[in-house]
Amino acid sequence: MYILGIETTCDESGLGLIEIKEGKFRILKNEVSSQVKIHNRYGGVVPILAAREHEKNLPLLLKRIKEDFDLKKIDYLAFSVGPGLLPALVAGKKFTQNLAKELKKEIIPVNHLAAHWYSVLITKNKNDWQKIQTIEFPALVLIVSGGHTTLYLFRSWSEKRKLGETLDDAAGECLDKCARALDLGYPGGPEIEKKAMKAKNFFSLPKPLLHKGYQFSFAGLKTAFIDLLLEIKKFHQLDNQTVNDLSASLQKTVFEILIYKLKKASENLKTPTIIVSGGVSANKIFKKMVQKVIPQRRIFFPHRKFATDNGVNIALAGYFLFKESKLVLKANDVEVFPR
Ligand code: KG4
Ligand code: ZN
């Protein structure tokens, strides 16, 4: 069985092709076109520009896949219907509908968050067959990205309960906005990670809602960070070392908040497995901190390449969702869900 995954929820145009056979799967294509350079000058994603870029990029990515793969062999298209930016999703929907009509195929609607949690199952390189791993449930699942910070308890892949989520900014959004204040460009997470490696001193920053259950809040931390930055700039010229120290302090505070809640849930619920995924999970220090603070649990992180948005994650989630519910849609029946 062949599934083509289509990702356009934010600023990455992604097409991923996977083949599934007898409990194994392999990645045949992973085409991603990042719009980072375009949004960089605005310090964040501009939805209408993202849509325009998806319209331009998707046909080019498809052309690359067509070069050595006959699209007629595809069984289903898997399309990420949301959550995401409305104009970006609409651009992806049009592309998916046209392709489905042209190839006479049906569409598996995929929740973008599902793509993040299934992504931890990808362990092998392109073209290498890999067994679909079984996960020991219950599992705690933390999705941390630019749009989401959500903690779930999974009893199985299909039975889940949301324990908490952010009440304001997502963790990645906080990193992105503070990076912008530091003039580090977009996306901020990877830049903050690089600067943090050269830190010598740490500033103290607040941890809002730390002791309030499993809800998260990062807007107050962002404001405190920007206030601190303005205070420093009032008296000194901002030098490289201070940027490094500020980056490390921010990153450490964000990760400590995430890990505090994850650890608490892990102690209370005693789940044998922990899954952490989404763009922020690409951060090496974060991964090390989780592994250190929460021992004796099987901890899954995605491979760095599959932590951020791409079409392979969508295709794999599409496979699991199809297996579970057999839900497929005709081209004209596809809807998008920004929230
Ligand atoms: O999952 P993703 O590609 O898109 C959403 O679903 O939102 O995540 C993007 C987010 C951005 O906020 C970006 O700054 C953050 O993930 N990110 C990182 C790293 N790489 C991406 N944050 C921290 N460290 C990284 N290495
Ligand atoms: Zn994402």
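The values are calculated or read from the model by the stated rules, or taken from the named source; none is laboratory data. These numbers were taken from a predicted model, which means no experiment stands behind them. Cβ placement follows ideal geometry from the backbone for every residue including glycine, while neighbour counts extend to all protein chains displayed.
Yes/no per residue for (1) of a type in the set (D, E, K, R); (2) within 16 Å of ligand 1 (Cβ to nearest atom):
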position	(1), (2)
ASN201	no, no
GLU231	yes, no
PHE255	no, yes
ILE274	no, no
GLN296	no, no
ILE299	no, no
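For the condition in contact with a Ser or Thr (Cβ under 8 Å, 6 or more places away or on another chain) and either of a type in the set (Ser, Thr, Tyr) or on the phi < 0 side of the Ramachandran plot (or both), what is the one hit in ASN57, ASN30, ASN40? I'd like the intermediate steps shown before the answer.
Details: ASN30 fails: in contact with a Ser or Thr (Cβ under 8 Å, 6 or more places away or on another chain); ASN40 fails: in contact with a Ser or Thr (Cβ under 8 Å, 6 or more places away or on another chain).
Result: ASN57 is the single residue among ASN57, ASN30, ASN40 that is in contact with a Ser or Thr (Cβ under 8 Å, 6 or more places away or on another chain) and either of a type in the set (Ser, Thr, Tyr) or on the phi < 0 side of the Ramachandran plot (or both).
Of the residues TYR214, TYR186, the single one that is farther than 15 Å from VAL280 by Cβ and touching a residue at least 60 places away in the same chain (Cβ under 8 Å) is TYR214. When you check ILE48 against the structure, is it assigned to a helix (DSSP H, G or I), more than 16 Å from ligand 1 (Cβ to nearest atom), farther than 15 Å from TRP129 by Cα and not basic (Lys, Arg), yes or no? Spelling it out, ILE48 is indeed assigned to a helix (DSSP H, G or I), more than 16 Å from ligand 1 (Cβ to nearest atom), farther than 15 Å from TRP129 by Cα and not basic (Lys, Arg). For PHE95, the conditions (1) in contact with a His (Cβ under 8 Å, 6 or more places away or on another chain); (2) at pLDDT below 95; (3) farther than 26 Å from ARG180 by Cα; (4) of a type outside the set (Lys, Arg) are fulfilled apart from (2).
The listed residues are VAL276, VAL312, and the only one of them that is in contact with a Phe, Trp or Tyr (Cβ under 9 Å, 6 or more places away or on another chain) and outside any helix (DSSP H, G or I) turns out to be VAL276.
Could we say that ALA100 is part of a strand (DSSP E or B), among the aliphatic types (A, V, I, L, M) and in contact with a helix residue (DSSP H, G or I) (Cβ under 8 Å, 6 or more places away or on another chain) here? Spell out how you get there, then give the answer.
Numbers: part of a strand (DSSP E or B): no; among the aliphatic types (A, V, I, L, M): yes; in contact with a helix residue (DSSP H, G or I) (Cβ under 8 Å, 6 or more places away or on another chain): yes.
Considered against the rule, which asks whether it is part of a strand (DSSP E or B), among the aliphatic types (A, V, I, L, M) and in contact with a helix residue (DSSP H, G or I) (Cβ under 8 Å, 6 or more places away or on another chain), ALA100 comes out as no.
Annotation: of all residues in region 286-302 being surrounded by 15 or more Cβ atoms within 10 Å (Cβ to Cβ), assigned to a helix (DSSP H, G or I) and not charged (D, E, K, R), the one that is nearest to the chain's Cα centre (by Cα) is PHE286.
Among residues belonging to region 13-59 that are of a type in the set (Lys, Arg) and under 20 Å from the mean Cα position of the chain (by Cα), point out the one that is surrounded by the most Cβ atoms within 10 Å (Cβ to Cβ). The extreme case among them is LYS29.
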